Amino acid sequence: MSASLQLPPPPSLGALVKAGAFALFCDFDGTLVELAPTPDSIEPRADMLTKLNAFNQRIGGRLALVSGRSVGDVEKHLGPIPLAIAGSHGADKRLANGQILGVKPKAVSDELLRAVRAFATEHGAALEEKPH
């Protein structure tokens, strides 16, 4: 039987702020919102964006959201996001001021999307369409 390792509790937010600059990256699904049976059935808290923005200001503007969802899909559920965000598993990145970071990802071709839709239909699979 191996001995379990006891880790100390994480430092408080106040202690982190006093210690110096740090960044916090928060995942959307499963962290900020509960997982749901379908992508569109999530239920973000009504005040989530207000609270995230206040937290972002408290830590000096170094909060970013990350998601497998596209940036547009996250905004569909929260509204315009005044934070840095990486969507589509990092393929779509935007700074807090709305400026695209890096190269804008290319859209999936209509031909490929038709083929994937047909495959999903044929095999009874759910398909979550993403822009790229």
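The values are calculated or read from the model by the stated rules, or taken from the named source; none is laboratory data. Computed from a predicted structure; not experimentally measured. FYI the Cβ positions are ideal-geometry reconstructions off the backbone, even for glycines, and counts take in every protein chain you see. These area figures cover heavy atoms from the full protein model, side chains too; ligands, DNA and RNA do not enter into them. Shrake-Rupley method; radii C 1.70, N 1.55, O 1.52, S 1.80 Å.
Numbers at a glance
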quantity: Only Lys, Arg (+1) and Asp, Glu (-1) charged, at Cβ; region 1-69 dipole about Cα centre in debye; calculated: 420
quantity: Listed residue pairs exceeding 30 Å between alpha carbons, taken from Lys18/Lys130; Lys51/Lys106; Lys51/Lys130; Lys76/Lys104; calculated: Lys18/Lys130; Lys51/Lys106
quantity: Sequence of Asp40, Asp92 from largest to smallest accessible area, 1.4 Å probe; calculated: Asp40, Asp92
quantity: Low-density loop cleavage sites - GluC sites (Glu not before Pro) in region 103-132, where at most 16 other Cβ are within 10 Å (DSSP); calculated: Glu128, Glu129
quantity: Folded to 0 to 90 degrees: helix 110-123 orientation relative to the chain principal axis, Cα; calculated: 90
quantity: Charge dipole (debye, nearest 20) of region 30-132; +1 at Cβ of Lys and Arg, -1 at Cβ of Asp and Glu; calculated: 540
quantity: Loop-resident sites, region 21-94, for chymotrypsin sites (Phe, Trp or Tyr not before Pro), counting at most 13 other Cβ within 10 Å (DSSP); calculated: Phe22
quantity: At q = 0.22 Å⁻¹, base-10 log of I(q)/I(0) for region 5-132 (Debye sum, equal scatterers on each alpha carbon); calculated: -1.34
quantity: Accessible area in the full protein assembly, largest first, 1.4 Å probe, for Leu32, Leu112; calculated: Leu112, Leu32
quantity: Å² of accessible area per residue within region 23-79, as computed with a 1.4 Å probe and no ligands counted; calculated: 56
